[in-house]
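Please treat every number below as a calculation from the coordinates, not as lab data. Everything numeric in this text was worked out from a predicted model, so none of it was measured. Methodologically, a virtual Cβ is constructed for each residue, glycine included, from the backbone with ideal geometry; neighbour enumeration extends over all protein chains shown.
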Ligand SMILES: [Fe+2]
Ligand SMILES: [Fe+2]
């Protein structure tokens, strides 16, 4: 049976951690109150601790000590705390299998890093909601988590081969498994009932030329992923990162700028992401 049919036959491919699911539900509901978010977080002691650690980190640079969740939500705002909660829930889900070829912490540094860069890039396009850009970056490689969880031997072989032959992980994955993480990611995100713009961003982040120019989130996620590789933050398992697609660069109004220039203008703080993990 192919991996594609095996995934389709799984009852639930990769359930979102319950809190992340509820938080995503809130993020979509504009009438949701900050109070509800605070209550959700407080139900989980470990999460509460992590939120306070991030809130008090140099990531935000507040001089005043934030000692409880309600204050964190009040000071940082609903959006910010929603994003921290999501990233923190996914990255600290210890039911995920350890794999020496696919180090968990470094993988989530890559994912949260791409989310943060995507959020900054979204400022370039007024039509894009920055939370969606963050979530697209955060989840862009989630298909790899599923491969690692359900097909660890096959995925390790793909990671090893790509590394040995210095080839794109996606190409090797399509060759050996007849599927890649973008297609698996799409299958999961569809199951999670996330918005179509997010589904597209995950499906086409390595092939932005297959999307429309107006699929801004695709172009943002594509470039954010490349920038995260460019500054060598975290590990994605792909030894041969993409080159920026000319269409994406155009859409984002970054023509004639190289990656170093784009990076220095964006001014993203990646180091403090480590406090999420
Ligand atoms: Fe990817
Ligand atoms: Fe990536």
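Angle of helix 130-139 to the longest C-alpha principal axis of the chain, folded into 0 to 90 degrees and rounded to 10: 50°. Rg/Rh for region 95-176 (Cα atoms only, Rh after Kirkwood) is 1.06. The residue 57 and residue 175 beta-carbon pair, evaluated with R₀ = 30 Å, returns a calculated FRET efficiency of approximately 0.10.
Taking the Cα atoms only, what angle lies between the long axis of helix 181-191 and the longest principal axis of the chain, rounded to 10 degrees? That works out to roughly 50 degrees. For region 130-173, a Kirkwood radius taken over Cα pairs fed into Stokes-Einstein (37 °C, viscosity 0.692 mPa s) yields D = 286 µm²/s.
Any idea what angle helix 45-55 forms with the longest principal axis of the chain, computed on alpha-carbon atoms, 0 to 90 degrees, nearest 10? Orientation of helix 45-55: about 90 degrees from the principal axis. Here the simple spin-label model places points 7 Å from the Cα toward Cβ, and for residue 6 and residue 163 these points are separated by 2.1 nm. Can you give the FRET efficiency to the nearest 0.05 for residue 42 and residue 101, using r as the Cβ-Cβ distance and R₀ = 35 Å? Result of the calculation: an efficiency of 0.40.
Residues considered: 19, 112, 184. Largest GNM mean-square fluctuation over the chain, using C-alpha springs under 10 Å, is found at 19. One quarter of the surface of the convex hull around the alpha-carbon atoms of region 14-95 equals 5.2 nm², the direction-averaged projected area.
If you look at the Cα atoms of region 97-277, you get an Rg and a Dmax of 15.3, 43 Å.
Label separation (residue 33 vs residue 125): 3.6 nm, computed from points 7 Å beyond Cα along the C-beta direction. Remark: the Cα gyration tensor places region 171-264 in the oblate category, a/c being 1.5 or greater and a/b not exceeding b/c.
In this simple spin-label model, placing a label point 7 Å from the Cα along the Cα-to-Cβ direction at both residue 257 and residue 64 gives a separation of 3.4 nm.
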